[in-house]
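Undergrad: Structure in structure tokens, see below.
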Amino acid sequence: MADPSGFLKNQRKDAPKRAKEDRLADWHEVYADIEPAERDKQVRTQASRCMDCGIPFCHSDSAGCPLGNLIPEWNDLVRVGDWAAASERLHATNNFPEFTGRLCPAPCESACVLSISPMSGGPVAIKRVEEAIADVSWEKDLVRPRQAAVSSGKRVAVVGSGPAGLAAAQQLTRAGHEVTVYERDDRLGGLLRYGIPEFKMEKKILDRRLAQLRAEGTRFVTGCEVGGAKPGALSVETLRATFDAVVLAVGALRGRDAPDIPGRSLSGVHLAMEHLVPANKECEGDGPTSISAEGKHVLIIGGGDTGADCYGTATRQGALSVTQLDQYPQPPDARDEEISPWPVWPWVLRTYPAHEEAGERRFALAVEEFVGDESGAVRSVRLREVVVRKDPATGVREVTPVGDHVEVIPADLVLLAIGFEGVDHMPLLDGLGLSPTRRGTLSCGSDWQTPAEGVFVCGDAHRGASLVVWAIAEGRSVAGAVDAFLTGHSDLPSPVHPTALPLAVV
């Protein structure tokens with residue numbers, strides 16, 4: 001059994017990071033390489049802090065992990081040094097733990113029982129343990145292709161190769177179906193490839209998992225827009241005639257804009273993905289980025305993950321300064337039980353490694369105007385202090401200026417990282433007779449099937465922009481639904497229901 005006093009004997013310790021100056025000089029991952037023996041020792045100590053609670057909220061799908069990861073089980077297996085069994089238990093619920101171990105913000109840790117009181121020393125370092133298990137699994141050659149013993153004779157198309165699409169594809173291939181993944185970009189991975197910067201997850205991590213999927217029998221087609229009219233496209237008619245089922249995992253990449261701010265049309269004002277995608281392509285060896293922060297004063301509007309990705313990318317490109325704006329007030333450093341009681345996801349200040357490297361964050365501010373020069377390029381912004389209120393009748397948030405003071409700061413590059421509005425407008429949806437909801441997502445029934453028979457949806461396309469762990473959970477769940485649709489029954493796991501939501505205070 002677990003050590004019930006482990007958290008009393010051992011303090012929480014996160015993985016060490018490389019020196020800031022080293023991180024800013026390259027695109028390698030932020031965290032330091034540790035000798036495997038020392039890493040294993042440290043991680044086993046961290047795993048010993050898990051008490052194997054009678055009611056483990058960490059893997060509750062509403063409060064903690066939507067994948068239902070068997071966290072107490074693999075924590076204890078790591079504690080006793082049984083890495084092979086820990087790998088088996090981790091992969092039983094998570095197709096891609098090396099992705100979540102690096103990219104997930106770890107709602108499991110917020111829901112850990114040790115998060116109830118700061119006197120515990122903090123939650124178990126679940127994310128660090130998960131990443132270590134995944135890395136050890138590859139080092140010890142424990143990750144092997146799992147090929148289906150019997151073919152079903154059924155063919156499935158998965159449109160989109162992000163984490164949801166890849167999870168669905170792997171599950172369906174292992175169930176014996178012939179799966180083809182279509183990706184409109186030139187490389188596979190979706191946002192894992194071109195949205196997530198290299199310093200958060202090096203793409204060799206993605207490529208080795210793709211090699212496993214190929215070895216299992218999943219087929220991939222890149223540079224193919226399903227439903228499009230350009231050369232290399234696959235028509236909707238051919239799609240429907242060729243495949244017995246279709247999974248839409250097309251993401252929610254339509255970036256939210258701010259067209260009402262005066263000066264939005266100035267050159268140098270871009271959506272966040274217009275900056276991140278070419279930066280990632282440069283790291284892939286495709287030549288210099290088309291939008292570089294080198295030698296510029298950079299302003300990032302939006303305080304979330306995408307803004308932090310732009311932040312770290314800009315500093316590595318050699319920005320003169322980086323400022324990140326958030327229209328909301330600065331969150332507290334610790335959980336406020338009145339606002340976000342345990343075990344819900346807490347409203348706290350989240351400091352990413354990029355924020356420790358350079359630049360500054362500012363809160364309760366909004367842009368009043370982008371100011372340009374005679375050539376039509378942005379050169380500065382006018383800022384106002386604001387307060388955000390929610391209309392109790394409509395639920396709509398209103399941003400109201402406070403006072404008359406206007407602050408002007410230099411800005412040669414402005415990046416709008418204020419969220420996503422849903423799926424892109426694409427001919428595929430028209431061809432299938434599907435229309436996005438008011439939220440910009442695609443609706444489905446309790447079986448993950450859209451109004452188009454035999455067409456299923458999962459991931460951000462269904463949920464809206466969300467966490468990588470929810471994408472994988474939905475991909476696994478839709479695979480179970482497709483398998484049942486094709487064969488009449490499925491033993492594939494289905495960790496979440498289409499209507500599942502994280503536990504929250506409203």
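The values are calculated or read from the model by the stated rules, or taken from the named source; none is laboratory data. Because the structure is a prediction, the values reported are computed rather than measured. As a convention, Cβ positions derive from the backbone with ideal geometry for all residues, glycine included, and neighbour counts pool all protein chains shown. Ligands, DNA and RNA are excluded from the accessible area calculation, which covers all protein heavy atoms including side chains. Shrake-Rupley method; radii C 1.70, N 1.55, O 1.52, S 1.80 Å.
Undergrad: For SER60, only one of the following conditions fails: (1) free of Cβ contacts under 8 Å to residues at least 24 places away in the same chain; (2) under 24 Å from the mean Cα position of the chain (by Cα). What is its number?
TA: (1)
Undergrad: A further question on this structure: Taking the conditions exactly as written (out of contact with any Ser or Thr (no Cβ under 6 Å at 6 or more places or on another chain), on the phi > 0 side of the Ramachandran plot and of a type in the set (A, V, I, L, M)), does ALA364 satisfy them or not?
TA: Details: out of contact with any Ser or Thr (no Cβ under 6 Å at 6 or more places or on another chain): yes; on the phi > 0 side of the Ramachandran plot: yes; of a type in the set (A, V, I, L, M): yes.
Yes.
Undergrad: Inspect all residues belonging to region 352-362 and state whether any of them is in contact with a Gly (Cβ under 8 Å, 6 or more places away or on another chain), open to solvent by less than 40 Å² (accessible area, probe 1.4 Å) and either free of Cβ contacts under 8 Å to residues at least 12 places away in the same chain or of a type in the set (D, E, K, R) (or both).
TA: yes
Undergrad: Select, from LEU276, LEU234, the only residue that is within 16 Å of ASP185 (Cβ to Cβ) and crowded, with 21+ Cβ neighbours inside 10 Å.
TA: When all the criteria are applied, what remains is LEU276.
Undergrad: Looking only at region 255-289, how many residues end up being over 21 Å from the mean Cα position of the chain (by Cα) and assigned to a loop (DSSP other than H, G, I, E, B)?
TA: Residues that pass the stated criteria total 15.
Undergrad: Exactly one of (1) among the small types (Gly, Ala, Ser); (2) farther than 25 Å from PRO56 by Cα; (3) out of contact with any Asp or Glu (no Cβ under 6 Å at 6 or more places or on another chain) is unmet by SER117. Its number?
TA: Among (1) among the small types (Gly, Ala, Ser); (2) farther than 25 Å from PRO56 by Cα; (3) out of contact with any Asp or Glu (no Cβ under 6 Å at 6 or more places or on another chain), the lone unmet condition for SER117 is (2).
Undergrad: Moving to a separate point now. Does GLN324 satisfy the condition of being of a type outside the set (Gly, Ala, Ser), in contact with a Phe, Trp or Tyr (Cβ under 9 Å, 6 or more places away or on another chain), under 19 Å from GLY419 (Cα atoms) and in a loop (DSSP other than H, G, I, E, B)?
TA: Considered against the rule, which asks whether it is of a type outside the set (Gly, Ala, Ser), in contact with a Phe, Trp or Tyr (Cβ under 9 Å, 6 or more places away or on another chain), under 19 Å from GLY419 (Cα atoms) and in a loop (DSSP other than H, G, I, E, B), GLN324 comes out as no.
Undergrad: Considering only residues of region 480-506 that are of a type in the set (Val, Ile, Thr) and open to solvent by 20 Å² or more (accessible area, probe 1.4 Å), which is nearest to ALA245 (Cα to Cα)?
TA: In this case the residue turns out to be THR487.
Undergrad: Return the residue satisfying two criteria in turn: it lies in region 206-264 and is in contact with a helix residue (DSSP H, G or I) (Cβ under 6 Å, 6 or more places away or on another chain) and farther than 19 Å from HIS177 by Cβ, and of such residues it is modelled with the lowest pLDDT.
TA: Within region 206-264, the match that is modelled with the lowest pLDDT is GLY228.
Undergrad: Within region 1-52, take every residue that is among the small types (Gly, Ala, Ser) and touching a helix residue (DSSP H, G or I) at 6+ places or on another chain (Cβ under 6 Å) and give me the one that is modelled with the lowest pLDDT.
TA: ALA2
Undergrad: I'd like to check something: does region 302-316 contain any residue that is crowded, with 20+ Cβ neighbours inside 10 Å, in contact with a helix residue (DSSP H, G or I) (Cβ under 8 Å, 6 or more places away or on another chain) and without any contact (Cβ under 8 Å) to a residue 60 or more places away in the chain?
TA: Yes, region 302-316 contains a residue that is crowded, with 20+ Cβ neighbours inside 10 Å, in contact with a helix residue (DSSP H, G or I) (Cβ under 8 Å, 6 or more places away or on another chain) and without any contact (Cβ under 8 Å) to a residue 60 or more places away in the chain.
Undergrad: Can you spot a residue in region 92-114 that is at pLDDT 95 or above, more than 19 Å from the chain's Cα centre (by Cα) and farther than 30 Å from ILE55 by Cα?
TA: no
Undergrad: Do we have any residue at all in region 407-429 that's in contact with a Cys (Cβ under 8 Å, 6 or more places away or on another chain) and either closer than 20 Å to GLU225 by Cβ or of a type in the set (D, E, K, R) (or both)?
TA: No, region 407-429 contains no residue that is in contact with a Cys (Cβ under 8 Å, 6 or more places away or on another chain) and either closer than 20 Å to GLU225 by Cβ or of a type in the set (D, E, K, R) (or both).
Undergrad: Under 9 Å between Cβ atoms, at least 6 apart or on separate chains: pull out the pairs that start in region 1-29 with a residue that is farther than 30 Å from ASP52 by Cβ and end on any residue that is basic (Lys, Arg) and open to solvent by 70 Å² or more (accessible area, probe 1.4 Å).
TA: ARG23/LYS17
Undergrad: Would you please name the residue that is farthest from LYS17 (Cα to Cα), looking only at residues in region 189-223 that are open to solvent by less than 10 Å² (accessible area, probe 1.4 Å) and not in a helix (DSSP H, G or I)?
TA: Here the residue is THR218.
Undergrad: Across region 81-131, what is the total count of residues that are of a type in the set (A, V, I, L, M, F, W, C) and farther than 30 Å from ASP491 by Cβ?
TA: 7
Undergrad: Output the residue which, of all residues in region 228-254 that are polar (S, T, N, Q) and not in a loop (DSSP other than H, G, I, E, B), is farthest from VAL478 (Cα to Cα).
TA: THR238
Undergrad: Tell me which residues, restricted to region 282-301, are among the charged types (D, E, K, R) and either open to solvent by 60 Å² or more (accessible area, probe 1.4 Å) or more than 14 Å from ILE196 (Cβ to Cβ) (or both).
TA: Hits for region 282-301 are GLU282, ASP286, GLU294, LYS296.
Undergrad: Residues ASP447, ASP391, ASP404: which one is at pLDDT 95 or above and acidic (Asp, Glu)?
TA: Selected residue: ASP447, the only one of ASP447, ASP391, ASP404 that is at pLDDT 95 or above and acidic (Asp, Glu).
Undergrad: When residues of region 290-319 are filtered for being touching a Gly at 6+ places or on another chain (Cβ under 6 Å) and in a loop (DSSP other than H, G, I, E, B), how many remain? Write out each step before concluding.
TA: Step one: of region 290-319, the residues touching a Gly at 6+ places or on another chain (Cβ under 6 Å) are 294, 300.
Subset that is in a loop (DSSP other than H, G, I, E, B): 294.
Residues flagged as touching a Gly at 6+ places or on another chain (Cβ under 6 Å) and in a loop (DSSP other than H, G, I, E, B) within region 290-319 amount to 1.
Undergrad: If you don't mind, another one. Would you confirm whether any residue within region 22-35 is open to solvent by less than 40 Å² (accessible area, probe 1.4 Å), among the β-branched types (Val, Ile, Thr) and under 22 Å from THR100 (Cα atoms)?
TA: The answer is yes, given that some residue of region 22-35 is open to solvent by less than 40 Å² (accessible area, probe 1.4 Å), among the β-branched types (Val, Ile, Thr) and under 22 Å from THR100 (Cα atoms).
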